[in-house]
Amino acid sequence: MADCIHKKNLLLSIESSCDDSSIAITCVDDYKIVFSEKVSQESEHDKYGGVVPELASRLHLEALPKIFAKTERYFPYLCAVAVTTAPGLKVSLTQGVSMAKAISIGLDIPLIPINHLQGHIYSLFIQKETQFPICCLLVSGGHTKLMQVEKNSSKTIGETMDDSFGESYDKVAKMLGLSYPGGPIVEQYALSGDENRWTFPVPLRQSPQIMFSYSGLKNAVRIVINKEPNLDKQTKSDICASFQKTAVSHIIMKLKKHFRTNPPQNFAVVGGASANIYLQDELKKLLAKFDCANFQAPLMKYCGDNAEMIGRCAIEKQRKPL
Ligand code: KG4
Ligand code: ZN
């Protein structure tokens, strides 16, 4: 066993808000991850072009107990169990929450409820000390949100009015007959595409408000797809590249507006879609213009949903109210 296991100082965390079943065990003293495993359901949902809630729930019910069985040797050292309670798919969340309740009662340890979005912020600090304040962009399948995060509080600066950034990639992929989740595959196709073949209107370009919208862009892409007689690989790549350029420009323009009155000191991007290198590169270029050198993103393996971030968040929550 790892050195840090010497007393009741381990926290078990569970994440099952969407289509990933994940359990981690973190040492509360030094934040070291002593166990982690994630079972992704992506290939199962791919057959249906998106997440099917009932299927997700059944797959969590199969995967979570199998992962949990591997953690038995840590039981004597567990001091708490943390679980994502919201937001997410109800039927998926329920599986993790039921398991956490059973562990809490069975081992007589406290249960710590964690908000999934807070968890994503803490994906920046897995096995590390926290660093606040930070201006944080969350881009996932369910959210597009710009926040100012302080040590004990967080304020929303702007969020999406409709679809999220990641969701728009999923929908474009589906329209093009590409696999689920759409983010990685659309980003990959875009690499060999011509981003100037189509000019899609940048959402909310004239609006002074810091808010996001992706449903109009999705519909503009749909019109192009419906009109295109030949959807060969190159055409699909060009559509992906033109779409991605606009989707990211939208974020960059809104951030620029915000930074003019609130110059960034520390900036981070989190959430499943923070794995997008094109987005990260454009963010870095923008931050350079505002002389902000402190750009953070989670390690690639922690961009998507994972129990490690829930555990790290819970350790902080145990110490003080978030
Ligand atoms: O955080 P996450 O794993 O689950 C939610 O909380 O929603 O985010 C999943 C989302 C999906 O919409 C997926 O397509 C998107 O993140 N995503 C990406 C990329 N990788 C994942 N979007 C754009 N580019 C990527 N490379
Ligand atoms: Zn997430």
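Solvent exposure of the chain amounts to 44 Å² per residue of accessible area, where only protein heavy atoms count and the probe is 1.4 Å. Cβ under 14 Å from Pro201's Cβ, Pro201 left aside: what net charge do those residues give with Lys, Arg +1 and Asp, Glu -1? Net charge in that neighbourhood comes out at +4.
Within 14 Å, Cβ to Cβ, of Asn230, how many net charges do the neighbouring residues add up to if Lys/Arg are +1 and Asp/Glu are -1? Combined, the nearby Lys, Arg, Asp and Glu give +1. Neighbours of His143, meaning other residues whose beta-carbon lies under 10 angstrom from its beta-carbon, give a summed charge of -1 when Lys and Arg score +1 and Asp and Glu score -1. The calculated pair-distance distribution of the chain uses every alpha carbon pair, bins of 20 angstrom beginning at 0, and gives 32, 55, 13, 0 percent.
For the chain, the longest principal axis of the alpha carbon atoms and the long axis of helix 215-227 meet at an angle near 50°. For the stretch 134-297, the carbon plus sulfur part of the accessible surface works out to 49%, probe radius 1.4 Å.
Output the pairs from Lys101/Lys317; Lys236/Lys256; Lys128/Lys284; Lys8/Lys70 with a Cα-Cα distance over 20 Å in this structure; if there are none, say none. Result: Lys236/Lys256; Lys128/Lys284 exceed 20 Å. Using Cα-only point scatterers and the Debye equation, what is log10 of I(q)/I(0) for the stretch 134-297 at each q in 0.10, 0.19 Å⁻¹, rounded to two decimals? Debye curve over Cα of the stretch 134-297, log10 I(q)/I(0) at q = 0.10, 0.19 Å⁻¹: -0.35, -1.18.
The values are calculated or read from the model by the stated rules, or taken from the named source; none is laboratory data. What you are looking at is a predicted structure, and each value in this text was computed from that prediction instead of being measured. Positions of Cβ are generated from backbone atoms using ideal geometry, with glycine treated the same way; all protein chains shown enter the neighbour counts. For the accessible areas, the whole protein counts, side chains as well, though only heavy atoms, and no ligand, DNA or RNA atoms are used. Shrake-Rupley method; radii C 1.70, N 1.55, O 1.52, S 1.80 Å.
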